[in-house]
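Enquirer: Below you'll find the structure I mean.
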Amino acid sequence: MGAVTPLGNDMETTWQAVVHGRSGIGRITRFDASTFPVKIAGEVKNFQFDCSLLPRDCAGLVGRSAQLGIAAARMALADAGLEWYAKERPAMGIALGADEEYIPLRLITEFFNRDYLYPAYSDPYAAHARALQESPAAGKLFSLRRRADLGTAVTAVLFNLRGPASTVHTACSSSGHAIGQAKRFIESGDCDSALAGGHCSMLTEHAVAGFYLLGTLSTRNNDPSRASRPFDRTRDGFVMSEGAGMLVLEELSHAQKRGARIYAELTGCGSSSNAYRITDSPPDGRGGDLCMKRALADAGKDISAIDYINAHGTATVLNDKSETRSIKNVFGARAYQIPVSSTKSMHGHLVNATSAVELIITVLAVRDNIIPPTTNLTEPDPACDLDYVPNTAREKSIRTAISNSLAFGGQNIALVVEKFRG
């Protein structure tokens, strides 16, 4: 596994921050947010990408989102004991959750200035055209840089992944659905192993303004580390973040044959749609309950087997109530006995990458028998009355856990992981 998050530029640093309840949220530095109603985000700090790693024909294509993904992918392959580039690599699959690269406001004039673009495209021999082609920000690569599947394509080229490939964009559940797709690749016999996960960097003026206008973002600008408050009565929205999470999935006998270290087993995957609204979650919890039921059925588990739930837990008023209801719909009275936590309270909402990062955290919770906390939970909401592990991590034996991602548009995914016992 590999991760680049607001909590750290590798998996173990991120995990230790989670265990100790540290926050990765701060003031926005990616653009001037001084006049914005939202001035906080979860930024990846001190990240430097070595473009010399890329083949020449890929160097101009890769924006920040894909750079974060490539860095996490390289870590995951190394962690799996695989060479990061191998000419004779078996046909390893790839499935990533991603979105198009977002354009910083400072580049909009270059991209869309009519006096600049129209002559360039209408007269390919004009000086404007030559300038456009030579622009490192736009040029003839502009249409490619805007493609959601670009990170998948470049990662496959860079690491020589020649198996089945898929790019998923289902909003906040994108990387979870990609992981589920990779699981199906392996189960169907299309490949023995796959790189799966997601990457995202939406910290631009348009994205932050857009989510604010939807009423989903916290405006606690004066207290960034305490802004994300899942399940708390005073919650006022999520904090946008950026990052990447990647996992190497492998068929068990194939992994054992090569002596691979196994963190856990991915045994269940369940997907569903709320069929309700684009942004709101249904008050009765429908949709979210179905994906958990399907994941349990896929894993061959009943409700008594689950020791921990990593919640989607965005800290929006409607989502947290709906997810609480979903959990109760599935687990009944036992819902009150299962620890539930949202680590978005610390790393914020990584949107397309959030499912993968939270699954990595769930796997490490299973490995270390530690329930991550939900930080900033000081005033419980009567409508959210489960055990949300407030503020302090908890030691507990974890055999089986679920990680939920309940996305905009009602596109849901639940993943079940189990402790590997050899």
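The values are calculated or read from the model by the stated rules, or taken from the named source; none is laboratory data. Computed from a predicted model, the values in this text were never measured in an experiment. FYI the Cβ positions are ideal-geometry reconstructions off the backbone, even for glycines, and counts take in every protein chain you see.
Enquirer: For Trp15, work out the one condition from (1) surrounded by 15 or more Cβ atoms within 10 Å (Cβ to Cβ); (2) part of a loop (DSSP other than H, G, I, E, B) it doesn't fulfil.
Expert: It is condition (2) that Trp15 fails.
Enquirer: A further question on this structure: Can you tell me which of Arg184, Arg220 is modelled with pLDDT of 95 or more, surrounded by fewer than 24 Cβ atoms within 10 Å (Cβ to Cβ) and assigned to a helix (DSSP H, G or I)?
Expert: After applying the criteria, what remains is Arg184.
Enquirer: Taking Lys45 as the residue in question, decide whether it is of a type in the set (Lys, Arg), touching a Pro at 6+ places or on another chain (Cβ under 9 Å) and under 18 Å from Arg220 (Cβ atoms).
Expert: No: the conditions fail for Lys45.
Enquirer: Sticking with this one: Tell me yes or no: at least one residue of the range 162-175 is more than 26 Å from Glu83 (Cα to Cα) and either not assigned by TED's automatic domain parsing to the domain that holds Ala407 or not in a helix (DSSP H, G or I) (or both). Break it down stepwise before answering.
Expert: Taking the range 162-175 first, the residues more than 26 Å from Glu83 (Cα to Cα) are 169-174.
Right, trim to either not assigned by TED's automatic domain parsing to the domain that holds Ala407 or not in a helix (DSSP H, G or I) (or both) and you get 169-170.
Yes, that holds for at least one residue.
Enquirer: Continuing with the same structure: Could you say which residue among Ala297, Ala311 is more than 21 Å from the chain's Cα centre (by Cα) and among the aliphatic types (A, V, I, L, M)?
Expert: Criteria check complete, one pass: Ala297.
Enquirer: Assess whether Phe159 counts as being modelled with pLDDT under 95, on the phi < 0 side of the Ramachandran plot and among the aromatic types (Phe, Trp, Tyr). Steps first, please.
Expert: On the way: modelled with pLDDT under 95: yes; on the phi < 0 side of the Ramachandran plot: yes; among the aromatic types (Phe, Trp, Tyr): yes.
So Phe159 passes the test.
Enquirer: Is at least one residue of the range 287-302 surrounded by 18 or more Cβ atoms within 10 Å (Cβ to Cβ), farther than 22 Å from Leu386 by Cβ, in the same structural domain as Glu358 (by TED's automatic domain parsing) and not basic (Lys, Arg)?
Expert: Yes, the range 287-302 has at least one match.
Enquirer: Taking into account only those residues within the range 381-399 that are exposed (fewer than 15 other Cβ atoms within 10 Å of the Cβ) and among the small types (Gly, Ala, Ser), which is nearest to His20 (Cα to Cα)?
Expert: Ser397
Enquirer: Take the residues in the range 54-82 that are surrounded by fewer than 16 Cβ atoms within 10 Å (Cβ to Cβ) and modelled with pLDDT of 80 or more, then tell me which one is farthest from Gly189 (Cα to Cα).
Expert: Checking each candidate, the answer is Pro55.
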